[in-house]
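Quick one: the structure is below, questions incoming.
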Amino acid sequence: MTTVDVDPARTDPLADRIRSLVLPDRVHGSIYTDPDVYARELERIWYATWVYVGHASEVPEPNDYVRKTIGPQQVVMTRDKTGAIHVLHNRCSHRGNLVCDADRGNAGSFRCPYHGWTFANTGDLLGFPFNQGYGGSRARAELPGLGVVPRVESYRGFVFASLAVDGPTLREHLGAAAERLDRLCRLSPEGEVELTAGWVKHEVTANWKMLVENETDGYHPQFVHSSIFSISGSGIGALYSDKSTAVTRALGGGHTENDLSPEFRRLGVPMGWAGTPEAKIPDYVAAMRATYGSETADEIMINGSPHVMIFPNLFVAEIQLFQIQPLAVDRTVQHVTAIQFAGAPDLNRRLVTQCVGSVGPAGMLLADDAEMYERNQRGVAQRQPEWLDLTRGLHRERVDDDGHTIGTATDETSMRAMWRHYRELMT
Amino acid sequence: MTTAVTVDLREAEQFLYREARLADAFALEEWEALWTDDAVYHVPVDPDADPRTHMSIVFDNRGRIATRIKQLQTGRRHSQRPPSRLCRSVTNVEVLGADGGDTVVGSVVQVLESRDRGTTWWVGRVTHHLRRVDGELRMAAKTVVLVDADRALPTMSFLL
C-alpha cells in the first residue's frame, strides 16, 4: 500500500476546485456565482495585478484629484505639486473615515471631517488637531499617513496601479496590448488621448467576467444588436459575420482584441471606421495630415481605432472607453466615457454624440448587452447543464506572424485566452 | 428672448399627464407625435455640463428620438423584451416662464419600473418646453434631471 504525504499547509482546496471549473473548452457556471471564488479574485486579480485606474488628463494640473476605484476599493488619484501621480486609499489613518468626498477637485491636502486629521495629496500625514494628545507635532513621524497604493505607472497617459509591492512592470503586463494603446493615440494629431467628457455609470446585476468576455465576443453583435443595426444602416454587424476578414486575437496576459482593421482597410476610406466622412471633420483631417504627412495620416485614419480588452478592467471600443468595476459577485458597474483626441475638437464633438447614443443605461447598444449579462447571470444559477461552452472556432485557430493565437471575427479565441490567464492567476 | 406665456397651468398639466400615460403604455407613435421637428430629449448626468462635449444618459435630437422609437418597434430591443411595467406620477407642475414662443413647465416625475431584474424607482425633476404647433400642444424640449443621475444606474431603456 502506498501512502501520499500531504502537507496540510500546501493544500488549497479552492485552487483545486477552480482548476476543475475552468477548462480549455468550457467553464462551470459556478465560476460566476461562487462568493469564495469572487473573494479570491479580489485577492489574486484586483488587489494583485495591474488594474486600470484613470487617465492623466483627468488630473491635468498640479494638485488636481479625482476619485476612482480598484474593484470595490475607493481610491483617490492625485497629482502632487511636482506633477507626480499618486493613488491613495480613501481612508483616514485615524478612525477609517472617508477623507475625500468630492468626485474631483484641486487641493494640496485632504482634511478628514471626523477629527480633522490632514493629509498631503501624496498621502503623508500633515497634521492632527490638539496634538498634545499625541505628545506634540513631532508624533507626525510615528503616526501613519493615508494608505498609498504601492505601484503606480502609466503608459501613454493611462494610469494603472497594483496593490502588490512586487510583480511584473506595467510594460511587461501590457505586452502586445501596449501597441493597441499606441494605435489609439496615433488617431490624435497630438498623439494623445484626453478623457474630459465625464462618465456615465451603468450598473448590472451580473458577475464582472460576463462583461469581460462580452467585450471581445464577436459572435453576439448580429443577434444582441440586430434591432439597432437593422434600422440605422450601421455597418457594424457585417464586421462580425462569417464573411468578415476581421480576426479575434489573444494578445497574451488575458488581453484580447477584435481586430477589425482588415475590414477597415478593405473599406479603404479615411475615418470610414467611424462612419464619419472626411468632409464633416476637415480640421481634424488637415491636422492629422500636417502631423503625420498625408500618406501616413491616411493609413492611420483608415486603420481606425482598436477594440481591445485589457485584462481585467480596461476596454477600449473604438470611440469609447469602459472601466469595469466589480462590486460583488453579482454586481458590476461599467463606467464609460467618449474618447477625446487632443487637437481634434470637431471630431471630438461627433464622438460624444455617437457614444452617448450607444452606451450607458439607455444606450441603443449597451442597454441590450447589459440585458444579456443579467439574463446570463440568472441563467448560470440554474442547475443544468452546469457548463458554458467555449469551443467555437477551436478547430480553426491559427498562430499569426507575431505568435498570437487568432480566430475568425466570431470565434471564442478571446474567451479561451482570458480563461487560461485567469486560471493561472487563481490557482 | 422671453415672450409671454401662452399655455396655462391646467393645459400644461393635461399635456404632461397624457404624455406620461402614453409613455407608460408604450404608445410609441402617439408619444413620438408629441414632439416638434426640432425637439431635444435630454437626460443629463450633470445638468450644468454642455451636452455637446459631455456624456449624458440620453441626448436625442429629433432624428434620434425617431431611431429610439423604431428600435423599440423592431421587437428585438432585448432590454425591453418583455417591456418594463411602468406607472408614473407627475406632480409639482409649475409654469416657470416663457422662452421665445415656448412655455417652460417644471414638474417632478416618479416612475415605478418593474422587470425580472427587480423594481426600480426613478425620480427626477423635469422641464418641458411646450409649443403650440397648428393649434396642438407639442414638446420642443424635455429634460429629466434624475436625483441619482451621476451615480451608477441600472438599465433604463423605457421612455422616461
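If you average the alpha carbon positions of the range A:268-342 and of the range B:1-67, how far apart do those two centres end up, in angstrom?
Taking the Cα centre of each part, the range A:268-342 and the range B:1-67 sit 31 Å apart.
Over all distinct Cα pairs, what is the inverse of the mean 1/r for the range A:266-400, reported as the Kirkwood hydrodynamic radius in Å?
Final number for the Kirkwood radius of the range A:266-400 is 17.8 Å.
Any idea what the alpha-carbon Rg over 2.2 N^0.38 Å comes to for the range B:83-160?
Relative to the 2.2 N^0.38 Å estimate, the range B:83-160 comes out at 1.26.
Residue by residue through B:45-58, how many Cβ atoms from other chains fall within 10 Å of the Cβ on average?
Mean number of neighbouring Cβ atoms from other chains: 6.
What list do you get for A:E424, A:E41 if you sort them by fewest beta carbons within 10 Å?
Values: A:E424 12, A:E41 25.
With the sparsest Cβ surroundings first, the list reads A:E424, A:E41.
Once amide H atoms are placed 1.01 Å from N in the peptide plane, what residues at a sequence separation of 5 or more from A:T196, or on another chain, have their amide H within under 5 Å of its amide H?
Close amide H contacts, sequence-distant or interchain: A:Q340.
Hey, what do the phi angles of the range A:210-222 turn into as Karplus ³J(HN,Hα) couplings, whole Hz, using 6.51/-1.76/1.60 and θ = phi - 60°, x for Gly and Pro?
Karplus values, whole Hz, x for Gly and Pro: 4, 6, 4, 5, 5, 4, 10, 8, x, 8, 7, x, 4.
Using a simple charge model, +1 on the beta-carbon of Lys and Arg, -1 on the beta-carbon of Asp and Glu, nothing else, what dipole does the range A:52-146 show about its Cα centre, in debye to the nearest 20?
220
For the range B:9-146, what is the charge dipole size about the Cα centre, in debye to the nearest 20, if Lys and Arg each add +1 at the Cβ and Asp and Glu each add -1 at the Cβ?
So the dipole magnitude of the range B:9-146 works out to roughly 660 debye.
Taking only the alpha-carbon positions of the protein assembly as shown and ignoring solvent, what does the Debye formula give for the base-10 log of I(q)/I(0) at q = 0.05, 0.11, 0.12, 0.13 Å⁻¹?
One equal scatterer on each Cα of the protein assembly as shown leads to -0.24, -1.13, -1.30, -1.45.
Still on this model: Counting partner chain Cβ atoms within 10 Å of every residue's Cβ in B:67-80, what's the average?
6
Considering only C-alpha atoms, what is the centroid distance from the range A:155-230 to the range A:54-102, in Å?
If we compute the Cα centre of each part, the gap is 21 Å.
Which whole number of Å³ per residue matches the convex hull of the alpha-carbon atoms in the range A:178-426?
Details: hull volume 32.6 nm³, N = 249.
Cα convex hull per residue, to the nearest whole number: 131 Å³.
Would you please give the residues with an amide H less than 5 Å from that of A:G145, counting only those at least 5 places away or on a separate chain, with H modeled from the backbone geometry?
Those qualifying (amide H under 5 Å, at least 5 residues apart or on another chain) are A:L125.
If you wrap a convex hull around the Cα atoms of the range A:330-417, how much volume per residue is inside, in Å³?
157
Quick check on chain B: helices-only [θ] at 222 nm, where DSSP H runs of length 4 and up contribute -39,500 (n - 2.57) each and the sum goes over total residues. Nearest 500, please.
Calculated from helices alone, the mean residue ellipticity at 222 nm is -6000 deg cm²/dmol.
Which three extents, in whole angstrom, do the alpha-carbon atoms of the range A:51-155 cover along their principal axes, largest first?
44, 29, 23
Given Cα pairs under 8 Å that are at least 6 residues apart, what percent is the relative contact order of chain A?
The normalised contact order for chain A reaches 21 percent.
OK, next. To test your reading of the geometry: what angle, between 0 and 90 degrees and rounded to tens, separates the Cα axis of helix B:62-73 from the longest principal axis of chain B?
Roughly 30 degrees between the two axes.
Additional query: Shielding by partners for A:368-380, please: the mean number of other protein chain Cβ atoms within 10 Å of each residue's Cβ.
Mean shielding count: 3.
Can you list, largest first and rounded to whole Å, the semi-axes you get for the range A:93-218 by taking the square root of 5 times each eigenvalue of its Cα gyration tensor? Walk me through the numbers on the way to the answer.
Details: eigenvalues 286, 67, 56 Å².
Over the Cα atoms of the range A:93-218, the ellipsoid semi-axes are 38, 18, 17 Å.
Can you list residues from other chains, or at least 5 along the same chain, whose modelled amide H is less than 5 Å from the amide H of A:V159?
Placed amide hydrogens put A:V53, A:G54, A:H55, A:A56 under 5 Å from A:V159.
Quick one: Karplus J couplings for the range A:101-112, per residue in order, coefficients 6.51, -1.76, 1.60, θ = phi - 60°, nearest Hz, x for Gly and Pro?
The phi angles translate into 10, 6, 5, 7, x, 9, 7, x, 8, 10, 10, 5 Hz.
I'd like to know how the range B:9-146 sits against the 2.2 N^0.38 Å rule of thumb: what's its Cα Rg over that expected value?
Taking the Cα Rg and dividing by 2.2 N^0.38 Å, one obtains 1.04.
Could you give each residue of the range B:43-49 its phi-based ³J(HN,Hα) in whole Hz, using Karplus coefficients 6.51, -1.76, 1.60 with θ = phi - 60°, and x for Gly or Pro?
My calculation for the range B:43-49 gives 10, x, 7, 10, x, 8, 8 Hz in order.
Fewest first, what order do B:R132, A:R183 take by the number of other Cβ atoms within 10 Å?
On the way: B:R132 14, A:R183 17.
By the 10 Å Cβ count, ascending: B:R132, A:R183.
Values in this text are rule-based calculations from the coordinates and carry no lab data. Keep in mind that what you see is a predicted model, and the values were worked out from it rather than measured. Glycine also receives a Cβ, built like all others from the backbone with ideal geometry; neighbour counts cover every protein chain displayed.
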